[in-house]
Amino acid sequence: MSSSDPDLSRILPRVLIVSRRTVRKNKFVDFVGEYHLDLVVGYGAVPVIVPRVAGMHAMLDSFEPIHGVLLCEGEDIDPSIYDANNDEDGLTPEQLDAVRRLHPSDAAVDHEKDSIELLLARRCLERGIPFLGICRGSQVLNVACGGSLYQDVDQELASRASETAVCHMDYADYDGHRHPVRVLPGTPLHHWFAESLDGDEIMVNSYHHQGVRRLAERFLPMAFAPDGLVEGFYDPDAYSPGEGKFVVGLQFHPDVSVG
């Protein structure tokens, strides 16, 4: 090895995060929330931002080595990917129009981001790369493995569980909003947040209008909201804390705060 070659043993872990698109000054701009970058840096890793531009899904090999993937917030996943249109219990066209009016920024599907993130999730599963999906990221993970989503939790779940209905999104108080979740004993999540639990319950922040409907078979649930929505899950076959291996989806936002 020449003196100019890097010592690979000294290179910090690289964690990929896919950007989100917005419009600023009449131009598309890619961005990642600073709190997600802080989360990666705080654990001693280097955040590597993957731009969600056209064709990037075919260039993922250029980001090797990949030591971890963090997928976070973003638009709704294209429902055709999980065959929502053929779901007999799904939303009517009129209900879908109402959802789009209520959540315009979320309901604007980003096909390129979908493609990149689904490929990354499957690559992590195939190669044993640590994966954490937060909010939309947990939904991507579930869909990548054959699971499905509620297209709108209020319309599809709250209407059937009115006595245990939960507010999963408060537009007036994004980061301050909290609701309880029940964490299942014996799960990694119960271990991670043991000091914050009140019995088996914890108050969490969330802002989402979709969520896991059918959990993919390879996953086990770790937490539920009072309305029955899965708030956390993991792949038990990929979980090896001694080796730093995990594949986890969290619908709530531990990156904002838990407690």
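Within the range 52-67, the set of residues being touching a helix residue (DSSP H, G or I) at 6+ places or on another chain (Cβ under 8 Å) and under 16 Å from Pro13 (Cα atoms) comprises Ile66 only. Answer yes or no as to whether Glu73 is at pLDDT below 95, under 19 Å from Asp30 (Cα atoms) and within 14 Å of the chain's Cα centre (by Cα). For Glu73, the condition - at pLDDT below 95, under 19 Å from Asp30 (Cα atoms) and within 14 Å of the chain's Cα centre (by Cα) - is met. Applying the condition of being assigned to a loop (DSSP other than H, G, I, E, B) and surrounded by fewer than 17 Cβ atoms within 10 Å (Cβ to Cβ) to the range 146-163 and asking which residue is modelled with the highest pLDDT yields Gly146.
If the Cβ limit is 6 Å and pairs must be 6+ apart or interchain, which residue in the range 106-121 that is touching a residue at least 12 places away in the same chain (Cβ under 8 Å) pairs with which residue that is among the basic types (Lys, Arg) and surrounded by fewer than 16 Cβ atoms within 10 Å (Cβ to Cβ)? If the second residue must be among the basic types (Lys, Arg) and surrounded by fewer than 16 Cβ atoms within 10 Å (Cβ to Cβ), the pairs left are Ala107/Arg100. Selection of the range 169-190 for residues being farther than 17 Å from Phe219 by Cβ and either free of Cβ contacts under 8 Å to residues at least 40 places away in the same chain or among the aromatic types (Phe, Trp, Tyr) (or both) yields Asp170, Tyr171, Ala172, Asp173, Tyr174, Gly176, His177, Arg178, Pro185. Name the single residue, out of those in the range 1-33 being of a type outside the set (Gly, Ala, Ser), exposed (fewer than 10 other Cβ atoms within 10 Å of the Cβ) and not in a strand (DSSP E or B), that is modelled with the lowest pLDDT. Checking each candidate, the answer is Met1. Among Val212, Val166, Val248, which is assigned to a loop (DSSP other than H, G, I, E, B), touching a strand residue (DSSP E or B) at 6+ places or on another chain (Cβ under 6 Å) and in contact (Cβ under 8 Å) with a residue 12 or more places away in the chain? It is Val166.
Would you check which residues across the range 78-106 are loosely packed, with under 14 Cβ neighbours inside 10 Å, of a type in the set (Asp, Glu) and at pLDDT 80 or above and list them? Once the filter is applied, which keeps residues that are loosely packed, with under 14 Cβ neighbours inside 10 Å, of a type in the set (Asp, Glu) and at pLDDT 80 or above, the range 78-106 yields Asp83, Glu94, Asp97. Scanning the range 215-245 for residues that are assigned to a loop (DSSP other than H, G, I, E, B) and not hydroxyl-bearing (Ser, Thr, Tyr) gives Leu215, Ala216, Glu217, Arg218, Phe219, Ala225, Pro226, Asp227, Gly228, Leu229, Asp235, Gly244. Here the condition is being of a type in the set (D, E, K, R), crowded, with 16+ Cβ neighbours inside 10 Å, over 21 Å from Ala45 (Cα atoms) and in contact with a helix residue (DSSP H, G or I) (Cβ under 8 Å, 6 or more places away or on another chain); of Glu117, Glu112, it holds for Glu112 alone. Of all the listed residues (Arg214, Arg218), the sole one being basic (Lys, Arg) and in contact with a Gly (Cβ under 6 Å, 6 or more places away or on another chain) is Arg214.
The values are calculated or read from the model by the stated rules, or taken from the named source; none is laboratory data. Quick caveat: nothing in here was measured; it's all calculated off a predicted structure. Glycine also receives a Cβ, built like all others from the backbone with ideal geometry; neighbour counts cover every protein chain displayed.
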